[in-house]
Amino acid sequence: MSRTTRIERYRNIGIMAHIDAGKTTLTERILFFTGRIHAMGEVHTGSTEMDWMVQEKQRGITITSAATTASWKPERGLFAGTPHRINILDTPGHVDFTIEVERSLRVLDGAVAVFDASQGVEPQSETVWRQADRHGVPRIAFLNKMDKVGADFAMSVQSIRQRLGANPVPVQLPIGAGPEFRGVVDLLRRRAFFFDEASGEPSEAQEIPEPLRSEAAALRLRLIEACAEVDGTVLGKYVDGRLQEITEEELERALRLGTLQRQLVPVLTGAAFKKKGVQMLLDAVVNYLPAPSDLPAVEGVTPDTQVKVTRPANDEEAMSALVFKLMHDKSVGTIAFLRVYSGTLRTGMAVLNTRQQRRERVGRLMFMHANKREEVEEVHAGDICAALNLRGVRTGDTLSALEAPVVLEALHFPEPVIQLAV
Ligand code: GDP
């Protein structure tokens with residue numbers, strides 16, 4: 001069986017936030033809107049979002065348990081219309097869990113940094129941001145809670161620049177703030193989107209409201225300038241004064257490139273409660289954050305000789321995978337969460353746990369969806385999955401093909417096994 005989703009269509013992401021910025025709410029909404037719940041037929045059709053939230057709580061499912069797999073087809077941008085697989089890795093927001101943050105940053109490829117727009121950058125977001133800097137993680141920012149009294153878009157963007165030393169580039173401008181928050185202006189399309197929650201339908205693109213036009217034009221110019229710094233085509237048209245000729249696609253490409261090279265941070269805004277805003281954020285995750293194949297090959301050393309080796313992210317390479325979290329489940333025992341960096345891992349396959357120098361036979365493999373475990377025969381480069389029946393694995397262990405042992409760079413985690421609340 002070959003892979004069902006090409007590696008270019010994977011996004012392995014974390015959501016980083018200061019406590020209370022809305023990470024849990026946003027994650028729940030993302031999982032709801034990615035439609036997996038309906039696709040699996042677990043919720044009767046016509047059920048509302050709140051129904052699902054209630055069911056979720058009753059069943060006590062930990063939606064942010066280590067890693068959750070969802071799928072999303074962007075409506076717009078470079079990858080419009082193409083389904084993507086988004087793996088959301090849990091990224092603790094609390095400074096007490098620094099080691100956990102480090103560990104999750106090690107296995108994700110990109111992140112959404114969520115801020116409370118009434119607070120701007122808060123201390124914990126600063127700590128996690130610096131860790132993500134050290135790991136070179138490309139990021140997009142989401143200024144949440146625009147509907148809250150005191151929400152201030154300009155102040156929040158400014159605090160990202162000043163406190164984090166980043167290059168924030170708004171791709172949206174909020175329409176109103178606090179109780180007057182109505183939607184966003186999309187600065188690439190130069191259109192306004194009103195979040196009409198009453199009908200539940202996404203709004204059609206509309207003209208930018210008159211009072212916002214000059215601010216939108218100024219921010220769009222700033223966006224073009226940021227894109228010109230990373231993309232020659234945009235730069236050429238910018239220096240020639242041919243701004244009208246710069247296409248949406250050119251800007252999208254430059255934004256993706258600038259994000260991947262960590263030269264800029266696209267900034268979106270909205271409120272976790274607003275469906276359209278969350279959908280636009282998901283589009284941005286796919287359009288701006290990297291696929292595993294966009295990143296340099298992971299590095300490791302051979303266990304005997306300590307010679308440095310790389311493992312490019314494709315299925316034909318020798319298999320290598322990193323265990324990044326262990327959980328205990330009453331019914332199935334210990335669950336090891338793995339990220340496969342290269343090659344293919346199959347149930348029944350013999351692999352080497354290189355750090356512990358022991359052979360393991362791979363038991364059951366599964367993808368963890370929001371409320372469903374999907375058992376699979378094999379997993380591939382780029383996949384995040386759960387493995388059962390691995391004896392004696394520890395967090396940070398590398399599993400590799402017998403014929404090509406490797407120890408992937410790993411942090412050493414003194415780690416308790418976490419109990420799943422099931
Ligand atoms: P976390 O600690 O980052 O996971 O934050 P939560 O998702 O638990 O949210 C903290 C509080 O903020 C909760 O009471 C949420 O209902 C509320 N909240 C989350 N997102 C929004 C938003 O977009 N607007 C408003 N007004 N409140 C929000």
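The values are calculated or read from the model by the stated rules, or taken from the named source; none is laboratory data. Predicted model only: the values in this text are computed from it and were never measured. As a convention, Cβ positions derive from the backbone with ideal geometry for all residues, glycine included, and neighbour counts pool all protein chains shown. Side chains are part of the model used for accessible areas, which takes the heavy atoms of the whole protein and leaves out ligands, DNA and RNA. Shrake-Rupley method; radii C 1.70, N 1.55, O 1.52, S 1.80 Å.
Key figures for this structure:
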item: Any hit, segment 337-347, residues being in contact with a Lys or Arg (Cβ under 6 Å, 6 or more places away or on another chain), open to solvent by 10 Å² or more (accessible area, probe 1.4 Å) and in a strand (DSSP E or B); result: yes
item: Q356 being away from the ligand (no atom under 16 Å from the Cβ) and outside any strand (DSSP E or B); result: yes
item: Some residue of segment 167-180 being assigned to a loop (DSSP other than H, G, I, E, B), touching a Lys or Arg at 6+ places or on another chain (Cβ under 9 Å) and either among the hydroxyl-bearing types (S, T, Y) or open to solvent by less than 20 Å² (accessible area, probe 1.4 Å) (or both); result: no
item: Some residue of segment 222-239 being modelled with pLDDT of 95 or more, in contact with a helix residue (DSSP H, G or I) (Cβ under 6 Å, 6 or more places away or on another chain), open to solvent by 30 Å² or more (accessible area, probe 1.4 Å) and of a type in the set (A, V, I, L, M); result: yes
item: Boolean, R163 is away from the ligand (no atom under 16 Å from the Cβ) and under 22 Å from V107 (Cβ atoms); result: no
item: Number of the condition not met by D147 [criteria: (1) within 12 Å of the ligand (Cβ to nearest atom); (2) among the charged types (D, E, K, R); (3) within 23 Å of the chain's Cα centre (by Cα)]; result: (3)
item: Verdict on T64 being within 16 Å of the ligand (Cβ to nearest atom) and either of a type in the set (A, V, I, L, M) or at pLDDT below 50 (or both); result: yes
item: In segment 321-335, the residues that are over 20 Å from E102 (Cβ atoms) and not aliphatic (A, V, I, L, M); result: H328, D329, K330, S331, G333, T334
item: Flag for M53 being within 16 Å of the ligand (Cβ to nearest atom), surrounded by fewer than 23 Cβ atoms within 10 Å (Cβ to Cβ) and either modelled with pLDDT under 85 or among the basic types (K, R) (or both); result: yes
item: Test: residue in segment 127-143 that is away from the ligand (no atom under 12 Å from the Cβ), free of Cβ contacts under 8 Å to residues at least 40 places away in the same chain, among the basic types (K, R) and over 30 Å from P209 (Cβ atoms); result: yes
item: Residue match in segment 312-335 (condition: out of contact with any helix residue (DSSP H, G or I) (no Cβ under 9 Å at 6 or more places or on another chain), away from the ligand (no atom under 16 Å from the Cβ) and free of Cβ contacts under 8 Å to residues at least 24 places away in the same chain); result: no
item: Test: D152 is open to solvent by 20 Å² or more (accessible area, probe 1.4 Å) and within 15 Å of the ligand (Cβ to nearest atom); result: yes
item: Matching option when the condition is hydrophobic (A, V, I, L, M, F, W, C) and within 30 Å of V298 (Cβ to Cβ), among A154, A166; result: A166
item: Close pairs from segment 1-30: first β-branched (V, I, T) and near the ligand (Cβ under 7 Å from one of its atoms), partner at pLDDT 90 or above and not in a strand (DSSP E or B), Cβ under 6 Å, at least 6 apart; result: T25/A272
item: Top-ranked residue of segment 269-308 - restricted to ones that are within 16 Å of the ligand (Cβ to nearest atom) and either aromatic (F, W, Y) or open to solvent by 30 Å² or more (accessible area, probe 1.4 Å) (or both), ranked as modelled with the highest pLDDT; result: Q279
item: Where a residue in segment 146-164 is assigned to a helix (DSSP H, G or I) and modelled with pLDDT of 95 or more and its partner, wherever it lies, is within 16 Å of the ligand (Cβ to nearest atom) and open to solvent by 70 Å² or more (accessible area, probe 1.4 Å), with Cβ under 8 Å and at least six apart; result: S156/Q119
item: The listed residue being β-branched (V, I, T) and in contact with a His (Cβ under 6 Å, 6 or more places away or on another chain), out of T344, T302; result: T344
item: Criterion (of a type outside the set (F, W, Y) and more than 25 Å from the chain's Cα centre (by Cα)) met by exactly one of V351, V376, V340; result: V351
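For (1) in contact with a Ser or Thr (Cβ under 7 Å, 6 or more places away or on another chain); (2) within 12 Å of the ligand (Cβ to nearest atom); (3) aliphatic (A, V, I, L, M), each residue gets a yes or a no:
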residue: S156; (1), (2), (3): no, no, no
residue: V169; (1), (2), (3): no, no, yes
residue: F181; (1), (2), (3): no, yes, no
residue: L187; (1), (2), (3): no, no, yes
residue: F193; (1), (2), (3): yes, no, no
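Yes/no per residue for (1) surrounded by 24 or more Cβ atoms within 10 Å (Cβ to Cβ); (2) within 16 Å of the ligand (Cβ to nearest atom); (3) more than 15 Å from the chain's Cα centre (by Cα):
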residue: G81; (1), (2), (3): no, no, yes
residue: D109; (1), (2), (3): yes, no, no
residue: Q119; (1), (2), (3): no, yes, yes
residue: S125; (1), (2), (3): yes, yes, yes
